[in-house]
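The values are calculated or read from the model by the stated rules, or taken from the named source; none is laboratory data. This structure is a prediction, so every number in the text was calculated from the model and none was measured. Glycine also receives a Cβ, built like all others from the backbone with ideal geometry; neighbour counts cover every protein chain displayed. Ligands, DNA and RNA are stripped out before the accessible areas are found, and what is left, the full protein with its side chains, is counted by its heavy atoms. Shrake-Rupley method; radii C 1.70, N 1.55, O 1.52, S 1.80 Å.
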Amino acid sequence: MLACSVFGLISAIPLWAQLNEGHYYLRKIPDVRLVLATGEQTTLYSLIRSHSILLTLFSARCGGLCSPYLLYLKQAIGTTPQGYAVVALSFDPRDRLEDVRATAQRLGFTDHSTWRWGLLLQEHVPRLLTALGYSVHYDSTRREFDHSIMLCVLDQRGNLLRRMEGFQDPVLVWDLVREARGEFVLSYPIPGTDVALRCFELDRETGHWRLSWGMALLLVPPISSFALAITLQLLIGLRRRR
Amino acid sequence: MTALDRLTATWIITVSVVFPIAILFGILMRLNQANVLELSSLTFYSLMTAHGLLMVGIWFVMSMAGVSYLLQRYVNVQVWPATVGYVLTLVGVGLLLAAIFGGDLHTGWYFLYPLPFYARTSEWATLVFLLSLGSLGIGWFIWSLGLLVAILRRYPLTQALAWQHLLGKSTPETPPFILITTTTLLGLIPAFIAAVILLGLFLIQYASGATQDALLMKNLTFFFGHTLVNEMLYFGIATLYELFPALAGKQPYKTKPFVALAWNLVLVVVWTAYFHHLYMDFVQPTVVQYIGQLASWIAPIPAVAVTTFSVLGTVYRSGMKWWLAPTFFFAGVMFWIIGGLGAILDAIVANNFVLHNTLWVPAHFHTYNLLGNVLFSLGFITWFVREKSGDDGSRLYRPVTTLYLLGGVGFVLAFYIAGSLSVMRRVDKYPAFVSDGHLWALVGGLFALLVLAAVVPFVIYVLRRCWRVVFSA
Amino acid sequence: MSQGTILMLFLIGAFIIAAVFWWFWQSSKTAAPVSAEPLRRWVFVGLVGFVGIFTALTLSRMPYFLYASETPARVIHVVGRQFAFALSERPIETDGDYAAALGQTLVLPLGQVVEFRVTSFDVNHGFALYAPNGRIVAQVQAMPGYINRLRWRFDQPGEYIAQCLEYCGAAHAGMQARFVVE
Ligand code: HEM
Ligand SMILES: [Cu+2]
């Protein structure tokens with residue numbers, strides 16, 4: 001009954017608003033209440049007090065993309081965020097705290113201090129989903145949610161800085177991480193463009209761009225010039241000795 | 001007359017014929033920008049591409065021809081590498097002009113990737129253009145290698161680089177001419193190698209359609225383009241070191257430790273100075289941008305310092321006779337420094353933020369080309385003509401130097417002023433919001449006419465005398 | 001430094017250089033034996049000092065990290081393509097996005113930091129911002145395959161023009177976009 005009213009609200013979000021990131025940039029996100037997997041009652045804003053966060057939402061009983069997506073995030077950025085925090089919250093009204101814990105454990109998060117896992121308080125869910133542009137639709141035949149898979153960056157004042165939907169190149173996930181860390185990344189390659197010799201490559205461990213072989217090609221001309229001069233010198237020397 | 005005399009005279013003739021034509025292209029561009037002429041965009045950009053490539057090409061080969069000629073004072077110079085260079089240059093320029101005027105090639109002189117694949121150029125023209133660059137590159141590479149081998153036969157590498165002077169020893173002596181020529185050749189060869197890599201990557205895309213990393217291509221482009229233009233200036237300086245003291249009636253210059261240090265520094269730093277072309281590419285690693293600003297300052301300054309010092313010291317109370325050759329050299333050094341000032345102001349990243357790709361850029365490179373490097377070469381040419389014909393062109397002295405310098409100063413000043421008013425470079429019709437552009441284009445064009453008026457009689461004078469050198473018994 | 005200051009500095013410097021050369025030229029009309037050798041070292045040291053000081057002064061004013069610690073009020077996506085710029089608050093990823101964004105006139109806030117995320121769909125372009133007084137205030141290159149972020153705070157209201165500043169083909173001169181700051 002409660003669930004139904006929640007979904008009614010959510011589907012009222014106009015479609016165009018759900019589609020683009022730009023519309024949501026820099027919007028203030030409401031301070032919703034939640035329960036952490038540790039049992040601690042808290043609010044979203046107290047989670048962002050010490051760090052900007054990467055926020056993702058899931059449903060523990062989702063048989064679709066939730067688990068693969070969480071796994072994908074874990075593989076992209078690892079389990080121990082530094083300089084930011086990762087918060088994964090269940091929006092599903094049927095989920096209980098045990099379900100959240102079980103999901104975390106299944107993904108290998110035995111220590112809850114690495115990512116923060118939690119359960120949203122139901123009456124606050126619609127406000128949050130609207131603000132994030134997160135679309136949820138209850139499929140009553142499958143008894144499951146059709147929903148967005150999405151990663152957001154919230155800064156310490158509760159502003160939505162970045163938002164990324166779907167499974168993207170891990171490069172882009174790192175871009176969000178850097179935003180969360182407050183680094184200003186002056187420039188970044190657009191992933192997916194297929195080029196022969198890249199100048200930059202993403203270091204999957206640290207998320208930093210590092211120089212790649214393309215740039216090293218620039219060392220070839222000076223080095224070969226010196227090599228050429230020395231070779232000529234040696235050849236001339238040899239000839240003179242003969 | 002020796003074979004080298006004839007070849008040198010042939011170079012001079014070729015360059016002298018092309019120079020006024022290329023100037024005319026420049027004037028046409030300026031008058032079009034002033035709305036005095038109505039050229040189509042395609043014509044304008046074809047002229048611009050031809051002008052840039054011809055000017056860079058002729059003054060590069062002329063500075064190198066001067067060095068080749070003077071090198072025979074110290075070492076045994078073989079003529080064949082320079083001859084190969086000449087033939088391949090002609091082939092290259094022929095193909096180039098065909099691509100530009102027959103195939104509408106209009107990519108600008110450094111054809112920044114991936115523009116050649118997007119410009120509306122005939123399909124064959126891009127390929128012919130790449131071939132022509134290949135021909136020029138190979139020709140100049142062989143020629144450079146020939147000179148390097150000639151030097152190394154007489155001076156071992158460390159000695160050619162004057163390292164013994166660097167360490168404070170005064171014997172064996174390395175003349176400054178050998179030192180500068182060696183550092184310049186060693187600096188230049190990587191530019192050719194970069195060009196070969198660049199052409200290879202272009203051809204791969206031409207053949208297979210695989211795209212390249214635009215950042216890598218831009219780095220390679222300016223490694224090649226900037227280094228080539230920079231080094232040709234240093235060839236001019238080498239000529240000056242060799243000829244100027246004698247023209248002032250003084251002893252030849254000696255390689256002091258400072259001089260050795262300056263040119264060894266230049267050798268390495270010059271390869272990183274091109275970074276300033278990518279200041280506004282925020283994707284270039286920022287540390288490279290810092291190095292770029294440092295290198296852009298360090299590359300010219302030691303060379304400028306030692307050269308200015310030597311030249312002014314030579315002139316001071318010398319009682320020398322001023323005729324075409326020494327005047328060209330002296331004025332060339334002065335404008336080289338002035339152009340260098342314009343350049344290092346632009347090489348400050350904070351300034352480049354508002355000057356990049358405005359007319360400030362052609363302003364400073366025309367200063368140290370038209371009024372710097374070209375004058376060094378003209379100094380060599382007039383010296384050569386006097387050596388071979390005994391005529392020092394005294395009737396031309398006043399009108400030619402006055403018109404050339406006056407016209408040149410007015411022409412570049414119009415660029416500087418327009419550049420500081422944010423008028424952009426490489427634009428055929430100025431948009432309404434930079435309406436200042438028209439006036440300064442007209443001013444620049446009119447002053448350039450004065451330059452042309454000086455160059456035409458000068459060229460006739462040179463042609464007649466060099467003709468006799470080529471066809472003498 | 002503003003463009004006008006740079007021009008003044010240049011003209012003053014050029015004038016000094018020309019005056020020095022003129023003086024030496026005049027001195028050459030008389031002949032007397034002299035040596036300037038001892039001076040050489042000082043000229044060299046002086047120049048190195050000059051370079052050092054100037055570098056220290058200017059390197060701190062790099063445009064790369066302008067407003068890096070602030071949160072921009074607006075984020076504008078910019079895509080260059082022969083021969084127009086598309087500016088939009090939504091990401092421009094497809095030809096459709098590009099076409100939809102063309103011809104819109106954005107209104108950007110005065111006195112607040114705006115971030116431009118600039119790239120190109122074809123060749124290299126230059127994204128230069130011309131203020132209502134016709135002067136460039138900021139610029140960044142638009143390079144295919146990369147996104148460059150330029151942050152700027154507009155403190156002059158009026159119509160701005162984004163002009164292409166990297167030669168990109170025959171119609172390069174007319175490659176522009178307009179936006180309003182108020
Ligand atoms: C009086 C003689 C000259 C005149 C009238 C002239 C004129 C011009 C003009 C109008 C432009 C186009 C500027 C723009 O971007 O709007 C230009 C570009 C250029 N000029 Fe000259 N110029 C002269 C001499 C020289 C010399 C001696 C050189 C020697 C290297 C030279 C090399 C170049 C180059 C490399 C370009 C750039 C072409 C490009 O952007 O692709 N010019 N010149
Ligand atoms: Cu463009």
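Rolling a 1.4 Å probe over the protein chains gives B:Ser170 an accessible area of about 80 Å². Modelled spin-label separation between A:Arg33 and A:Phe226, with each label point placed 7 Å from Cα along the Cα-to-Cβ direction: 6.9 nm.
Among bridges DSSP assigns within the protein assembly as shown, what percent are antiparallel (round to 5)? Write down the numbers at each step before the final one.
Working: 55 of 76 bridges.
Of all bridge pairs located within the protein assembly as shown, approximately 70 percent are antiparallel.
Tell me, what % of the accessible area of the range A:66-159 is carbon and sulfur with a 1.4 angstrom probe? Looking at the range A:66-159 in its full context, I get 47 percent from C and S.
Taking the centroid of alpha carbons for each part, the range B:22-77 and the range B:111-184 are 19 Å apart. Relative to one another, the C-alpha centroids of the range B:426-463 and the range A:124-151 are positioned 67 Å apart. Spatially close Lys pairs in the protein assembly as shown, defined by Cα atoms under 21 Å apart and a spacing of eight or more places or different chains, total 6. In the range C:1-34, burial by the other protein chains removes 50 Å² or more of 1.4 Å probe accessible surface, compared with the chain on its own, from C:Gln3, C:Ile6, C:Leu7, C:Phe10, C:Ile17, C:Phe21, C:Phe24, C:Trp25, C:Ser28, C:Val34. In this structure the amide hydrogen of C:Ile76, modeled in the peptide plane, comes within under 5 Å of the amide hydrogens of C:Glu115, C:Phe116, C:Arg117, none closer than 5 places in sequence on its chain. With the solvent-accessible surface defined on protein heavy atoms using a 1.4 Å probe, which residues belonging to the range B:410-430 display a reduction of at least 40 Å² in accessible area in the multichain context relative to the isolated chain? Buried on complex formation: B:Ser420, B:Ser422, B:Met424, B:Arg426.
What percent does the relative contact order of chain B come to when contacts are Cα pairs within less than 8 Å and at least six residues apart?
Across chain B, relative contact order equals 19 percent.
Angle between the Cα long axis of helix C:3-27 and the longest principal axis of chain C, 0 to 90 degrees, nearest 10? Approximately 20 degrees, to the nearest 10.
Solvent-accessible area per residue in the range A:4-180 equals 41 Å², computed with a 1.4 angstrom probe and all protein chains kept.
For chain B, the membrane-span-like helix rule (DSSP H, alpha carbon extent of at least 27 Å along the helix axis, mean Kyte-Doolittle at least 0.5) picks out B:3-33, B:41-71, B:123-154, B:176-208, B:214-247, B:324-346, B:394-420, B:436-470; this says nothing about an actual membrane.
Summed over the residues of chain B and divided among them, the accessible surface reaches 30 Å² per residue at a probe radius of 1.4 Å. Split the accessible area of the range C:3-59 by element, probe 1.4 Å, and carbon with sulfur accounts for 81%. Assign one of three labels to the range B:51-97, namely rounded, prolate or oblate, based on the Cα gyration tensor with a ≥ b ≥ c the square roots of its eigenvalues; rounded applies when a/c is under 1.5, prolate when it is not and a/b is larger than b/c, and oblate otherwise. In terms of gyration-tensor shape, oblate.
For the range C:71-182, with all protein chains present and a 1.4 Å probe, just round the carbon and sulfur fraction of the accessible area to a whole percent. Don't skip to the answer; put the middle values down first.
Details: 1560 of 3360 Å².
Carbon and sulfur atoms account for 46 percent of the accessible area of the range C:71-182.
Across the range A:174-185, rounded Karplus estimates of 3J(HN,Hα) from the backbone phi angles (6.51 cos²θ - 1.76 cosθ + 1.60, θ = phi - 60°) give 5, 4, 5, 4, 5, 4, 5, 6, x, 6, 9, 9 Hz, Gly and Pro being marked x. Taking label positions 7 Å along the Cα-Cβ direction at both C:Asp95 and A:Thr42, the computed distance is 5.0 nm, reported to one decimal. With both labels modelled 7 Å from their Cα along Cα-to-Cβ, the C:Tyr67 to A:Leu211 distance reads 3.1 nm. Where in the range B:310-344 is the amide nitrogen less than 17 Å from a point lying 7 Å along the Cα-to-Cβ axis of C:Lys29? Within reach of a label on C:Lys29, which here means backbone N under 17 Å from a point 7 Å along Cα→Cβ, the range B:310-344 contributes B:315-323, B:327.
Amide hydrogen proximity for A:Met150: with H placed 1.01 Å from N in the peptide plane, the residues at 5 or more positions away or on another chain lying under 5 Å are A:Leu57, A:Gly166.
To the nearest 100 Å², how much accessible surface do chains B and C cover up together, summed over both, with a 1.4 Å probe? Numbers along the way, then the final one.
On the way: alone 19060 and 12320 Å², together 24040 Å².
Using a 1.4 Å probe on protein heavy atoms, the buried area is about 7300 Å².
The range C:115-175 and the range A:48-105 have their alpha-carbon centroids 40 Å apart. Rg and Dmax over the alpha-carbon atoms of the range A:4-180 stand at 14.8, 43 Å. With 5 Å bins beginning at zero, the pair-distance distribution over Cα atoms of the range B:178-298 amounts to 2, 10, 17, 18, 16, 13, 9, 6, 4, 3, 1, 0, 0 %. Per residue, the range C:3-59 exposes an accessible area of 63 Å² to a 1.4 Å probe, with every protein chain left in place. Based on Cα contacts under 8 Å between residues 6+ apart, the range C:74-181 shows a relative contact order of 31 percent. Two numbers describe the Cα atoms of the protein assembly as shown: Rg and Dmax, which are 31.9, 111 Å.
Bridges between two residues of the range A:4-180, per DSSP, are antiparallel at a rate of about 65%. Rg/Rh for chain B (Cα atoms only, Rh after Kirkwood) is 0.95.
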